[in-house]
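The values are calculated or read from the model by the stated rules, or taken from the named source; none is laboratory data. Owing to the predicted nature of the structure, the values given are computational and were not obtained by experimental measurement. Don't worry about glycine lacking a Cβ; one is built from the backbone with ideal geometry, like all the others, and counts go over all protein chains shown. Surface accessibility is based on the protein's heavy atoms, side chains included, excluding ligands, DNA and RNA. Shrake-Rupley method; radii C 1.70, N 1.55, O 1.52, S 1.80 Å.
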Amino acid sequence: MNHLTPAPIGFTMGDATGIGPELIVKLFHEGLDAPAVVYGDAGALVRIAQHLDIPVHIDEAPGAAPQAQGRIVVRNRWQALPADLPWGQVNALAGRGSYEYLCHAIDDAMSGRIRAIVTAPLHKKAMEAGGIEAPGHTEILAERSHTAQYAMMLANHELRVLLVTIHVALADVPALITTERVLSAIQLAHQACLQAGVTQPRVAVAGLNPHAGEEGRFGHEERLAIQPAITQAQAQGIHASGPWPGDTVFMRARQGEFDIVVAQYHDQGLIPVKYLGVDDGVNVTVGLPFVRTSVDHGTAFDVAGKGIANPSSLREAFDMALTMTNPMS
């Protein structure tokens, strides 16, 4: 690869017993607008391609150039998976494999061998069975890349949402809503919008409590933590506003009043995005030293191996990775 050729996008296959392999095979068969490679198990990709009668060529040759439509270059420094893994079931080897593929991709992204990571879904229970204790993709990405300040953003054509807290129990959320955390989320939301081409981002910050606390009647997090963070962000030149009631702020953003919403906890932010349709949603980890995008759905064990998985969200994630890396600028 010479200096005029951008590094490829790296896909991670995710859990081999879920729909990740099917999504990847379908996407590569349809064709991509830029070179890409897959971190995963070649056997799992061959198996689903043959099962669905999708004509793709799997290439494991070291240094193979990812170019032709229907050709999948696979990178895997872990062991090969058994050929008879049952679809749609938790499996320790598949879970461990999904972790290893992700780690391989992260290392290559850090070294510049790929310019972005696009992840297919993994299964947390399968990873646990494989000896990996991790809440999800986001935390693995941050830990392995030594990133301290990061956040999860979900986006579609109508809404962008970034989370202050991610994979924690709802009962633990209030104690985690600190001025420092909220300010960091606002800063990352501003950064994400700039990276997406929004020149003057308008960041709306949702409250934690009903009616954004209603001046302390329903809670004090807004007054003690969220409002001070907004004030500090404004002092840094960020166009942040709020705290806004969570039951209306997403509608206002969808109507064009805001460019992104900072939500305080997982379901507060993700339900509005996913309600608009998971096929168009993209998960972005903001703050990493490389671009990472992902599908907005899980492993879908109930449809794995049936040939009906929709690759639309994976294509949206790929397209967003291309936009965010923008190698021609």
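Here are the numbers for the structure shown:
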quantity: Test: His266 is touching a Lys or Arg at 6+ places or on another chain (Cβ under 9 Å) and open to solvent by 30 Å² or more (accessible area, probe 1.4 Å); calculated: no
quantity: Residue within segment 260-270 that is over 21 Å from Ala171 (Cβ atoms) and either at pLDDT below 95 or part of a helix (DSSP H, G or I) (or both) present; calculated: no
quantity: When residues of segment 188-210 are limited to those that are among the hydrophobic types (A, V, I, L, M, F, W, C) and open to solvent by 10 Å² or more (accessible area, probe 1.4 Å), the one nearest to Gly242 (Cα to Cα); calculated: Leu208
quantity: Neighbours by Cβ (under 6 Å, 6+ apart or cross-chain): first from segment 296-321, surrounded by fewer than 17 Cβ atoms within 10 Å (Cβ to Cβ); second at pLDDT 90 or above; calculated: Gly298/Pro121; Val303/Ala309; Gly307/Leu52
quantity: Residues of segment 270-290 satisfying the condition of being touching a residue at least 40 places away in the same chain (Cβ under 8 Å) and closer than 21 Å to Gly31 by Cβ; calculated: Asp280, Val282
quantity: Test: residue in segment 149-167 that is open to solvent by less than 50 Å² (accessible area, probe 1.4 Å) and more than 25 Å from Asp280 (Cβ to Cβ); calculated: no
quantity: Some residue of segment 104-124 being part of a strand (DSSP E or B), of a type in the set (Lys, Arg) and within 20 Å of Leu314 (Cβ to Cβ); calculated: no
quantity: Selection count, segment 208-257, where residues are free of Cβ contacts under 8 Å to residues at least 24 places away in the same chain and within 27 Å of the chain's Cα centre (by Cα); calculated: 5
quantity: Count of segment 148-164 residues which are modelled with pLDDT of 95 or more and either in a loop (DSSP other than H, G, I, E, B) or hydroxyl-bearing (Ser, Thr, Tyr) (or both); calculated: 1
quantity: Matching residues, segment 212-244, being in a loop (DSSP other than H, G, I, E, B), of a type outside the set (A, V, I, L, M), open to solvent by less than 40 Å² (accessible area, probe 1.4 Å) and over 17 Å from Val173 (Cβ atoms); calculated: Gly216
quantity: Enumeration of residues in segment 79-132 that are surrounded by 20 or more Cβ atoms within 10 Å (Cβ to Cβ), among the polar types (S, T, N, Q) and closer than 30 Å to Ala7 by Cα; calculated: Ser98, Thr119
quantity: Residue that is surrounded by the most Cβ atoms within 10 Å (Cβ to Cβ) [pool: residues in segment 271-291 that are assigned to a helix (DSSP H, G or I) and under 14 Å from the mean Cα position of the chain (by Cα)]; calculated: Val273
quantity: In segment 89-128, residue nearest to the chain's Cα centre (by Cα) [restricted to those that are more than 21 Å from Leu154 (Cβ to Cβ) and β-branched (Val, Ile, Thr)]; calculated: Ile114
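So that you can scan it fast, the table gives a plain yes or no per residue for (1) more than 30 Å from His123 (Cβ to Cβ); (2) touching a strand residue (DSSP E or B) at 6+ places or on another chain (Cβ under 9 Å); (3) not β-branched (Val, Ile, Thr):
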| site | (1), (2), (3) |
| --- | --- |
| Gln195 | no, yes, yes |
| Pro210 | yes, no, yes |
| Arg217 | yes, no, yes |
| Gly242 | yes, yes, yes |
